[in-house]
Amino acid sequence: MSHLFIAHGPRDVDAVLSVHEAMRQASIPTWYTPPGLDSSAAPEAVNAAIDTAFGMVVLVSGSSVRSGAV
């Protein structure tokens, strides 16, 4: 089974972990850039995770809107 990609801003730690936990409880696998890791540090891994995801959730916040990666 593939995964649900969670796109988030660098300051959205609580929100991304909340969404991840809700998906885990529903047995839906997720992939997100770990908090504290800049997504530009591993663009190949992020791009591969997006390409193989069955869906995507975008957390819209001030942090994600200002992020060049989201």
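Close amide-amide hydrogen proximity is noted between THR30 and LEU4, each under 5 Å apart and 5 or more residues distant or on a separate chain (H modeled in the peptide plane; Pro and chain starts excluded). Remark: the chain carries 63 Å² of accessible area per residue (probe radius 1.4 Å; ligands, DNA and RNA excluded). Using just its DSSP H runs of length 4 or more, each adding -39500 (n - 2.57), the chain gives a mean residue ellipticity at 222 nm of -11000 deg cm²/dmol after division by all residues. The accessible surface of the chain, taken with every protein chain in place and a 1.4 Å probe, is 58 percent carbon and sulfur.
The values are calculated or read from the model by the stated rules, or taken from the named source; none is laboratory data. This structure is a prediction, so every number in the text was calculated from the model and none was measured. Keep in mind that these areas ignore ligands, DNA and RNA; they rest on the heavy atoms of the full protein, side chains included. Shrake-Rupley method; radii C 1.70, N 1.55, O 1.52, S 1.80 Å.
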